Amino acid sequence: MKNKICYPIVLFVMLIAFANFANAQQNKNETASDYLTKMKAMADSIKNARKDYKKNGSNTNNNSNFPARYANSMSDTKKTSIENAYKYLSPAEKEKVKNYPPVPEAFRTSIDAEEFLSSLKGVDINGDVQKFSKEKSVPLTGYCVSYLTTKQKAETIVKDAAKLKAEFIKNNPSINFGAVIGKTYVSENGLVYLPLGDASFADEAPDAKYISGNIQFPKENCIGTPDYVSMNDLKKNKGIYSLGLNGTLTIKFTNNALVDVNGPDLFVFEAGQIEPTNLDISKDGINWISVGKISGGTASVDISKVAKPTDYFYYVRLTDLNTTSSIAGADIDAIAAIGAAIKLSLNAEVLFDLGKANLKPDGIAAIKN
Ligand SMILES: [Ca+2]
Ligand SMILES: [Ca+2]
Ligand SMILES: [Ca+2]
């Protein structure tokens, strides 16, 4: 798993650029070399403030001293750049962005992104970036720039999700459980449209063999919808099951099944980069069919080479192929069957009158549901 600690530094460089761009505009006589010297001096002062903070652990809480405040925010990599940028705003600065709605912890589905975008109606982020940059308020400009980046991310998710869904429906016109059920999920390795929504995910983890690695998480972490939360301390990561070196994990679908549809059929939500695993599938958990290796950064698998369209698979087994990374073995957040079949478990008494073969009205309603 790759640890993502570089973005605050990117933001940080961007802030310096912003502040200096505003300055440069006002001092047109300034030479390029003066400008670069000034930029370097500013970068050095922030770097020193960071060092001091790391050494003394002090939070000066001095609102006029932005380098110290940024030093604090830079050392806190668990938080998103928006949370960090907000945390170190002064009360007066917070007042100026009080119309900014909270940002979700993560966009798990395209619906989260849609809701976030609709909560932003009436907030002029672009205008504020320009305004605060003109006022030379680096903390506020930084906050708005972070916010803008998140907004753009949400817009991309919504746009790509619509495209993906249209493509799936075009390839599989008969698989449609309704607009309310089908959802597009966001993974670190791309989006996936699941026509059966939350029911698409693995329901049980009957078996896991952990041989060696850095840490053994509960195997149930790979059940249900994606819920991975990346933490600064890798061992505190939430929601993943790490296979460990050469380890195996078996999951079971109980309210749905894996079937071969047109295009990919299985999607593995992995934290960080995709690590090579072997994939086997089974109808009964006893007889296994080898699908082959999942690798090359792809999270989705097509089972068409080994499955007939009428085959229903309830078990999936992943085997780690011994690669070394910061957490050894593939780190699984969730596993979803794209090629969805739903299993109806309805009580026969609801459907039929005793001794009769005709469906009762209640039974018809239940099937429709
Ligand atoms: Ca399920
Ligand atoms: Ca397929
Ligand atoms: Ca999980």
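Here's a check for you: in the stretch 245-255, which residue that is away from ligand 3 (no atom under 16 Å from the Cβ) and under 17 Å from N221 (Cβ atoms) is surrounded by the most Cβ atoms within 10 Å (Cβ to Cβ)?
So the residue we want is G247.
Tell me, please, whether a residue that is within 16 Å of ligand 3 (Cβ to nearest atom), more than 15 Å from the chain's Cα centre (by Cα), surrounded by fewer than 16 Cβ atoms within 10 Å (Cβ to Cβ) and not in a loop (DSSP other than H, G, I, E, B) can be found in the stretch 211-222.
yes
Listed here are the residues, each with its yes/no results for (1) over 20 Å from K209 (Cβ atoms); (2) within 16 Å of ligand 1 (Cβ to nearest atom); (3) in contact (Cβ under 8 Å) with a residue 60 or more places away in the chain.
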position: C222; (1), (2), (3): no, yes, yes
position: P226; (1), (2), (3): yes, yes, yes
position: L234; (1), (2), (3): yes, no, yes
position: G244; (1), (2), (3): no, no, yes
position: G263; (1), (2), (3): yes, no, yes
position: V268; (1), (2), (3): no, yes, yes
position: Q273; (1), (2), (3): yes, no, yes
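L164 - would you say it is in contact with an Asp or Glu (Cβ under 9 Å, 6 or more places away or on another chain) and over 14 Å from F107 (Cβ atoms)?
No; evaluated as a whole, the condition is false for this residue.
Conditions (1) within 16 Å of ligand 3 (Cβ to nearest atom); (2) at pLDDT 70 or above; (3) outside any strand (DSSP E or B); (4) not hydrophobic (A, V, I, L, M, F, W, C), marked per residue:
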position: L279; (1), (2), (3), (4): no, yes, no, no
position: I286; (1), (2), (3), (4): no, yes, yes, no
position: D333; (1), (2), (3), (4): yes, yes, no, yes
position: K356; (1), (2), (3), (4): no, no, yes, yes
position: I367; (1), (2), (3), (4): no, no, yes, no
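The conditions are (1) modelled with pLDDT under 95; (2) of a type outside the set (V, I, T); (3) farther than 20 Å from D320 by Cβ, and G224 fails exactly one of them. Which is it?
Looking at each condition in turn, G224 falls short on (1).
Can you pull out every residue in the stretch 187-200 that is touching a Leu at 6+ places or on another chain (Cβ under 8 Å) and not polar (S, T, N, Q)?
Listed by number, the residues that qualify are L191, V192, Y193.
For the stretch 256-272: of the residues being aliphatic (A, V, I, L, M) and in a strand (DSSP E or B), which is nearest to ligand 3 (Cβ to nearest atom)?
V268
With respect to A205, determine if the residue is in contact (Cβ under 8 Å) with a residue 12 or more places away in the chain, assigned to a helix (DSSP H, G or I), within 16 Å of ligand 1 (Cβ to nearest atom) and more than 17 Å from the chain's Cα centre (by Cα).
Here the answer is no, as A205 does not meet what is asked.
Tell me, please, whether a residue that is modelled with pLDDT under 60, assigned to a loop (DSSP other than H, G, I, E, B) and buried (at least 18 other Cβ atoms within 10 Å of the Cβ) can be found in the stretch 70-83.
Checked against the condition, which is being modelled with pLDDT under 60, assigned to a loop (DSSP other than H, G, I, E, B) and buried (at least 18 other Cβ atoms within 10 Å of the Cβ), the stretch 70-83 yields at least one hit.
The values are calculated or read from the model by the stated rules, or taken from the named source; none is laboratory data. Computed from a predicted model, the values in this text were never measured in an experiment. Cβ atoms come from the backbone with ideal geometry, glycine included; neighbour counts cover every protein chain shown.
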